[in-house]
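For reference, the structure discussed in these notes is given below.
Read-outs: derived from the displayed coordinates by stated rules, not from any lab. All values derive from a computational prediction rather than experimental measurement. Here Cβ is always computed from backbone atoms with ideal geometry, including for glycine, and neighbour counts include all displayed protein chains.
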C-alpha cells in the first residue's frame, strides 16, 4: 500500500517514467501539477461530489454549466480547473469506465482541453494565477499527450482494467462492501463519506 509522502513520490516516479518512455517534452511545473493532481484525487471525497443521491462524479456538462453560472471569476476558475482535472484523470486512468456511458473518451478529452484553454486567460484577471497560465496552456495544447502519459501511469500502478478502480468505488458507494473498501485502500484510495449513493455520469 502506498501512503503519505510516498504517494507523491510514487506518482512522480511513475509520471517521469511514462514521460521518458513516450519521449514527451513537458515543463517541470506541468509535471509537478499533474503529480499533485493525482495525489489530490486519491481521496475519494475529492473526486466525488456530495449530493442528495450520495457521492457522485458530476457530469462534465454539469460542471461546465456551473462554471458559466458562477457568481464570481474565482468560482468560475475553480470549477473549470476541477472540470479539466477530472477530465484528464478519467480519460487517462479510467477510460475503460466510459465504455458503458453515453459519452466516450473523446468527449472527456474535448471538455478537458477546453476547460484548460479557458483557464489560460484567467491569469490576466488574477495576479496569483499568472504562474499557472503556462501550465494550463501546456495542458490544453498537449491534453491527449498527457492522457497517454496517465494511461501508462495507470498500467504501471495497476489502476487499469484488472483492478478497475472506478468499478470498485462504485461497488463500495452503492453497497458499502467492506471487501471493495479494503481493495481501494490497497490501491492507495481512501473511501470516505457514506456509501450507498447512486452513480451518475
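So here's what we get for this one:
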| item | result |
| --- | --- |
| Estimated FRET transfer efficiency (residue 133, residue 9; beta-carbon r; R0 25 Å; 0.05) | 0.35 |
| Additional length obtainable on full extension of the chain from residue 28 to residue 190, 0.36 nm per residue less Cα span | 55.5 nm |
| Cα shape, segment 4-186, gyration tensor, a/c 1.5 rule | oblate |
| Whole-number percent relative contact order across segment 4-186, with pairs defined as alpha carbons under 8 Å at least 6 apart | 21 percent |
| Inter-label distance, nm, simple model (7 Å from Cα along the C-beta direction), residue 73/residue 103 | 2.7 nm |
| Alpha-carbon centroid distance for the pair segment 141-156 / segment 48-73, whole angstrom | 25 Å |
| Segment residue 20-residue 52, extension gain: residue separation times 0.36 nm, minus the distance between their alpha carbons | 7.1 nm |
| Rounded if a/c under 1.5, otherwise prolate or oblate - segment 1-71, Cα gyration tensor axes | oblate |
